[in-house]
1. Answer yes or no as to whether Leu353 is open to solvent by less than 30 Å² (accessible area, probe 1.4 Å) and either touching a helix residue (DSSP H, G or I) at 6+ places or on another chain (Cβ under 7 Å) or assigned by TED's automatic domain parsing to the domain that holds Ala251 (or both).
2. His159: under 18 Å from Leu349 (Cα atoms) and assigned by TED's automatic domain parsing to the domain that holds Val30, yes or no?
3. Consider Ala101 carefully, then state whether it is buried (at least 19 other Cβ atoms within 10 Å of the Cβ), of a type in the set (A, V, I, L, M) and under 30 Å from Pro123 (Cβ atoms).
4. Within segment 137-158, which residues are assigned to a loop (DSSP other than H, G, I, E, B) and either surrounded by fewer than 19 Cβ atoms within 10 Å (Cβ to Cβ) or within 16 Å of the ligand (Cβ to nearest atom) (or both)?
5. Hey, among Glu28, Glu23, Glu40, which residue is within 30 Å of Gly432 (Cβ to Cβ), among the acidic types (Asp, Glu) and either more than 24 Å from the chain's Cα centre (by Cα) or modelled with pLDDT of 95 or more (or both)?
6. Under 6 Å between Cβ atoms, at least 6 apart or on separate chains: pull out the pairs that start in segment 97-123 with a residue that is within 16 Å of the ligand (Cβ to nearest atom) and end on any residue that is of a type in the set (Asp, Glu).
7. Output yes when any residue across segment 108-125 is open to solvent by 30 Å² or more (accessible area, probe 1.4 Å), more than 20 Å from the chain's Cα centre (by Cα) and on the phi > 0 side of the Ramachandran plot, and no when none is.
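The values are calculated or read from the model by the stated rules, or taken from the named source; none is laboratory data. Predicted model, so just to flag it, every value in this text is computed and none were measured. Neighbour counts run over all protein chains shown; Cβ positions are idealised from the backbone, glycine included. Side chains included, ligands, DNA and RNA excluded: accessible areas come from the protein's heavy atoms. Shrake-Rupley method; radii C 1.70, N 1.55, O 1.52, S 1.80 Å.
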Amino acid sequence: MIDVATLLSDLIKIDTTNPPGRERAAVELVASVLGDHGIESQTYAKDPDRPSLVARVTGEGDAPALLVQGHLDVVGVTDQRWAHDPFSGEVIDGWVWGRGALDMKGPIAMMVDALVRLSQGHPPAGDIILCLVPDEEDGGQFGAGYLVTEHPELFEGVHYALGEFGGFPFVFDDVPFSFIQISERVGVGFRVTFRGDPGHASMPVPGGAMGKLGRALVNLDKKHLPVHLTPPTRLMLEAMAPHVSAPTRLAIRGMLDSRTAGAAVAALRSRLGRMENLFRNTATPTIVSGGDKVNVIPAEVTLTLDGRMLPGLDAVTMRDELAELVGVDCDISFSTEHSRMPAEPDMGLFDLLASAVRKMDPGRVPIPYMSPAITDARWFSKLGISCYGFTPMRLPPDFAFEATVHGADERIPVSALRPGSTAYLDVFQRYGRSAGT
Ligand SMILES: [Zn+2]
């Protein structure tokens, strides 16, 4: 039997801040824990310091293989004030402290424990494949991106995958929901170029490249891209509606009607918070470059935008939306490669995951959720795999989950670890056996 809290502490003590990641020691630790319990694993690496681990518990062949994936790298802690050392892995007052406790070494410790428990009992219907990767936090080229491109054979026959995030609590309209991630936005980078007459700074040229940049930034700050009601968000709203108060239900009804969705989202803005990002593409200015001499007016300045696009939409349409919002003379090009998420999520696994969450945390209402952020799901979905975010965590009702992920004082209750592992085990054992999966 694995002590899940100790495994998590040990994983946190291995600093896998990305960049540079250097996840090798964490992979070796998991490989040795699995090996101690009779589960073999293989590693695959683009960079020997940054391997991925793949382990498999063989099923009876009654269902396709189920992929369970997670990332061993973490984000940094620069400029954050922590109450305890973020890489100590200390257990204090019943919480395991440290970077990665939630995102996502905690869920990985649960996955490993569940896989070991699974291997000691009756074989599952289909193979359960555990895949732990480096580099999720910095693009995935060394981890999921590498595996999907160079070793697609590892995932042959896989129909569904479980990864981050989902199964964590979220209170909306005083209702304790639990999100199960069924889809996510994709990243699209834009480079916006503004041009104008150059000249000597002693003789100002109004309306030049800098002026256009300024007007564009003001528009990006004040205005929003149009509202789109996508199938995942529709599913989420429909699942929420029966549980919320009558006024909120009315507002949700407004959002579900494409003619009134824009106004309804605007009316509920203050209460939606980050959920507003589920209704539109977003483009956030992050880098400005231009000008290199104090007395020279530049002929050209560029603005880089971090774009996030809703599932089912296409990048060219998003670029047109952006040109309209920016509202000044400029060229907009793509600065990154971009993919598309399918418009319609495959809901075939939802009921099984929801029932596992209900067993773990009976007070919560599991609902489908689309993440405004991106995960490695975008890589695995290239292989036609339907990816869910399922990281079951029984957290206290007042715990600020989303603020703590990537923030200071990341931690998880020791008491959440075994129930999370049990929820995974429940899914592994029932996958391919219960109706609808
Ligand atoms: Zn993560």
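1. When the stated conditions are applied, Leu353 passes them.
2. For His159, the condition - under 18 Å from Leu349 (Cα atoms) and assigned by TED's automatic domain parsing to the domain that holds Val30 - is met.
3. no
4. Gly139, Gly140, Gln141, Phe142, Gly143, His151, Glu156, Gly157
5. Step by step, each of Glu28, Glu23, Glu40 is checked, and only Glu40 is within 30 Å of Gly432 (Cβ to Cβ), among the acidic types (Asp, Glu) and either more than 24 Å from the chain's Cα centre (by Cα) or modelled with pLDDT of 95 or more (or both).
6. From segment 97-123, the pairs are Arg99/Glu410; Ala101/Glu410; Leu102/Glu410; Met104/Glu164.
7. The answer is no, given that none of the residues of segment 108-125 is open to solvent by 30 Å² or more (accessible area, probe 1.4 Å), more than 20 Å from the chain's Cα centre (by Cα) and on the phi > 0 side of the Ramachandran plot.
For (1) closer than 29 Å to Met347 by Cβ; (2) crowded, with 18+ Cβ neighbours inside 10 Å, each residue gets a yes or a no:
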site	(1), (2)
Thr193	no, no
Gly199	no, no
Lys212	no, yes
Arg215	no, no
Pro231	yes, yes
Leu237	yes, yes
Pro247	yes, no
Leu250	yes, no
